[in-house]
Every structure is written in C-alpha cells, then in structure tokens.
1. Can you work out which of the residues in the range 56-78 that are over 18 Å from residue 5 (Cβ atoms) and exposed (fewer than 13 other Cβ atoms within 10 Å of the Cβ) is modelled with the lowest pLDDT?
2. Considering only residues that are closer than 16 Å to residue 7 by Cβ and buried (at least 20 other Cβ atoms within 10 Å of the Cβ), look in the range 19-31 and name the one that is modelled with the lowest pLDDT.
3. Yes or no: residue 177 in contact with a helix residue (DSSP H, G or I) (Cβ under 8 Å, 6 or more places away or on another chain), surrounded by 15 or more Cβ atoms within 10 Å (Cβ to Cβ), modelled with pLDDT under 90 and within 25 Å of residue 63 (Cα to Cα)?
4. Any residue in the range 80-93 that's assigned to a helix (DSSP H, G or I): show its pairings with residues that are loosely packed, with under 15 Cβ neighbours inside 10 Å and at pLDDT 90 or above at Cβ separation under 7 Å, as long as the two are six or more apart or on different chains.
5. Restricting attention to the range 164-189, report how many residues are in a helix (DSSP H, G or I) and either over 20 Å from residue 151 (Cα atoms) or free of Cβ contacts under 8 Å to residues at least 24 places away in the same chain (or both).
6. Can you tell me which residue within the range 144-162, out of those that are at pLDDT below 90 and more than 14 Å from residue 133 (Cβ to Cβ), is surrounded by the most Cβ atoms within 10 Å (Cβ to Cβ)?
7. Do we find a residue being more than 20 Å from residue 129 (Cα to Cα), in contact with a helix residue (DSSP H, G or I) (Cβ under 7 Å, 6 or more places away or on another chain) and outside any helix (DSSP H, G or I) anywhere in the range 44-56?
C-alpha cells in the first residue's frame, strides 16, 4: 500500500511540475524514479523512455504507466497514471477559466512568454542525458574499447539530419533508425 501511495505522490508531483509536456517531465521522472526512489536503474529508465516514445499517447503518461507496472504491476500502472494526470485535469480546468476571463491582459501574456526558456532548458537537459546514455559503449556491439558507440553516433546523426533537414516524420525516423541498426547488427555481428 505504501508503494502505491509513493507511486501516486511521485507522479502527482511530476504531473504538477512538468510544464511544457512530456519531454520537459523527463528530468523530473528521472529524479523520482531513478535517484530518489531507486525503482529503476538509469538503463531501465532509458528503456522505459524508449518504449514510452514508441507507444501512442503522451510520453509522461506512458512513462507513468510503464514505471507503475514495472514497480507494482497493474495496480501500480493505474495509480501512477492517475497520479500523473490528476494535476493536469485540475490545473487545466482552473486555467481555462482564468484564461477565458483574463486572456487580453498583458500580464498574462508576459507570464506565459517567460516560462518558455525554462521549458526549453528542461527539454534540452533530458535530451542531452539520453544522448549521453545512448552513445556510451556500455553493452553495445561493435564498439568494445572505444570511448563512444560509433553505431549510436551514426544513427543519431542520420536521424537528426532526416528530421531537421528533410523534415521526415518521427515515425519514419524511429522506424528507419531501428532498421538501420538491425542491418548493421546483422551485417557486422
């Protein structure tokens, strides 16, 4: 029972403090799940993020569901997911009313504009943490003894190029990255 309460409160905090969506929530999820409670290792956290990215729905809610099921089974998944969405439901309802009533005020516009840089910093922090984890050679093939995972660096560079320069869809980039890595693995291992 205490575990379920801890799951709910942890994801309630994440849902309450993750302005900017699921990607901005990643550092908060990492802090709660890996550092504070030790429910998952950093490698397990990266796996959860990867699965949450590939499944339909918001990333933070998917993370809550997957972490919950990993930690406490189906009840944990339900409780963690409810904890993650409860603050949003309450806050969005209150903000919709306030915004509708005061949307023309310059103060409201200024507050919303001032939050953007912090959100971008949180997304960049999460992205750099995952990038660092993915390019390290620990547990990787073809890269023993190298300071970085060359395959991961190549896949990252090609995925970044496909998304940024050629505006490829995220689904195409993810699928293409998986196929490319599989081909490299089949050919070289």
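The values are calculated or read from the model by the stated rules, or taken from the named source; none is laboratory data. In this text the structure is predicted, and so the values were computed from the model without any measurement. All Cβ positions, even for glycine, are placed from backbone atoms using ideal geometry, and neighbour counts span all protein chains on display.
1. Among residues in the range 56-78 that are over 18 Å from residue 5 (Cβ atoms) and exposed (fewer than 13 other Cβ atoms within 10 Å of the Cβ), the one modelled with the lowest pLDDT is 57.
2. Going residue by residue through the range 19-31, those that are closer than 16 Å to residue 7 by Cβ are 25, 28-31.
Then drop every residue that is not buried (at least 20 other Cβ atoms within 10 Å of the Cβ), which leaves 25, 28-30.
On the way: 25: 85, 28: 91, 29: 93, 30: 93.
Within the range 19-31, the match that is modelled with the lowest pLDDT is 25.
3. No, not satisfied.
4. From residues that are assigned to a helix (DSSP H, G or I), the pairs are 83/9.
5. So the answer is 14.
6. Filtering the range 144-162 for residues that are at pLDDT below 90 and more than 14 Å from residue 133 (Cβ to Cβ), the one surrounded by the most Cβ atoms within 10 Å (Cβ to Cβ) comes out as 151.
7. yes
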